[in-house]
């Protein structure tokens, strides 16, 4: 399994957030706070805005009202932006069928800055090192297929490959949109393990899922249709 | 820089792995050069006269044909979204994709230009000017194309709308591109046209990554 080096302490504050997409109010007055080492499950009916909330935190959506603040506890030197410190695993796998698994993952590793780009600010020594391509594929259970074309993979295997992206570059915030979709039971455990490991290292995870993943330090945020309050259970 | 190069290499790799697409594009380009002499008739002088225009039309139409490839697949499979939080800016990524697109869609056309020259009865000097004119002008052509492709990437028939959208913007490129080839239009006209063409290219290439990236970001909202 990957190393145990940690991210520096940080937190994300979401206050009175409202989201508007296509002139329709999707979410209103969402409030939560999440600190290093914790996870939040987003739950709610289909279409309630789980993906939209994840996209808003990632900075892809224009925020209607409210605030999403990301704070590093001991950082005064560098300007950091949230967008460089997150992983977003969306519905779509972002996999190129004509490239091999290795090339697919290598590309994302290079693009996300691989080992040079850590999840946190600070000197090189403080930064957690990322897992190698080979190890990452081994962890998600695809080491036998490293040179296969990604087009040959099944839907579940593709999901595993996209989850491997989480491992090749260290980023403190994981935004996972249905990470267990089309995975088998072993896959569900794998996702829970990955998240647990990430939290142990001081990472943060926000997960939209309908499954009961067995994760310590996890809260649940139930999203309701706009104009009702989102609550932390 | 590593991230920038990885985009460039990946796009080139993806383009060469679908070699058929590349070949189709080149054949389309050559096809126009085959059709024109047949349609015009065997008047060698006339052909030589209109050759620069025909070559630019061929390059123009072929580049429109390839436009849709620039962002469509990455948009559909979620790659573009995943590129949003890369270690380099999204604008830089779009710029890398622009360069890769030029190398894989336009450069093959320029390499195939001598075949067109043969069909159109061009002499060696004109051919040289043509190639220079294409090298200088095509970056502007695909820059405008990239903006069009970015705006229409979420539309299912965007491939057909983008060319119509950018057509008016590309007219100066055609005008100066052709004047940069034609001889005997007066002293200095040709090199002046080439300089203006170069200026258009530099300006559009500098602005396009920002415009396209913005269009793509808005599309993803």
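When the residues of the range B:7-31 are filtered to those that are more than 18 Å from residue B:70 (Cα to Cα) and either within 14 Å of chain A (Cβ to nearest Cβ) or in contact (Cβ under 8 Å) with a residue 60 or more places away in the chain (or both), the one that is surrounded by the fewest Cβ atoms within 10 Å (Cβ to Cβ) is B:30. Inspect the range B:105-113 for any residue being touching a residue at least 24 places away in the same chain (Cβ under 8 Å), more than 14 Å from chain A (Cβ to nearest Cβ), within 22 Å of residue A:98 (Cα to Cα) and in a loop (DSSP other than H, G, I, E, B) and give the result as yes or no. No: zero hits. Residue check: residue B:42 meets all listed conditions (1) more than 30 Å from residue A:149 (Cβ to Cβ); (2) in a helix (DSSP H, G or I) but one, namely (2).
When you check residue B:30 against the structure, is it modelled with pLDDT of 90 or more, touching a helix residue (DSSP H, G or I) at 6+ places or on another chain (Cβ under 7 Å) and within 30 Å of residue B:93 (Cβ to Cβ), yes or no? Judged against the criteria, residue B:30 is not a match.
Put simply, of A:176, A:211, A:166 the only residue that is under 21 Å from residue A:48 (Cβ atoms) and in contact with a strand residue (DSSP E or B) (Cβ under 6 Å, 6 or more places away or on another chain) is A:176. Residue selection: residue B:141 satisfies the criterion of being over 15 Å from residue B:72 (Cα atoms) and touching a helix residue (DSSP H, G or I) at 6+ places or on another chain (Cβ under 8 Å). Reported count of residues in the range A:76-90, each being facing chain B (nearest Cβ under 7 Å) and at pLDDT 85 or above, is 3.
Table: residues versus (1) outside any helix (DSSP H, G or I); (2) closer than 16 Å to residue B:112 by Cα; (3) more than 14 Å from chain A (Cβ to nearest Cβ).
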site	(1), (2), (3)
B:38	no, no, yes
B:50	no, no, yes
B:57	no, yes, yes
B:64	no, no, yes
B:69	yes, no, no
B:73	no, no, no
B:80	no, no, no
B:86	yes, no, no
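Of all residues in the range A:18-50, those satisfying the criterion of being buried (at least 18 other Cβ atoms within 10 Å of the Cβ) and touching a helix residue (DSSP H, G or I) at 6+ places or on another chain (Cβ under 7 Å) are A:19, A:26, A:27, A:30, A:37, A:38, A:39, A:42, A:44.
Among the residues of the range B:65-74, none qualifies, meaning not one is in contact (Cβ under 8 Å) with a residue 60 or more places away in the chain, closer than 23 Å to residue B:174 by Cβ and surrounded by fewer than 17 Cβ atoms within 10 Å (Cβ to Cβ). Within the range B:115-126, the set of residues being surrounded by 17 or more Cβ atoms within 10 Å (Cβ to Cβ) and not in a helix (DSSP H, G or I) comprises B:120, B:121, B:122. Among the residues making up the range B:127-141, those that are closer than 15 Å to residue B:58 by Cβ and either crowded, with 21+ Cβ neighbours inside 10 Å or in contact (Cβ under 8 Å) with a residue 40 or more places away in the chain (or both) are B:130, B:133, B:134, B:137, B:138, B:141.
The values are calculated or read from the model by the stated rules, or taken from the named source; none is laboratory data. Worth saying up front: this structure is predicted, and the values here are computed from it rather than measured. Note: ideal-geometry Cβ built from the backbone for every residue, glycine included; neighbour counts use all protein chains shown.
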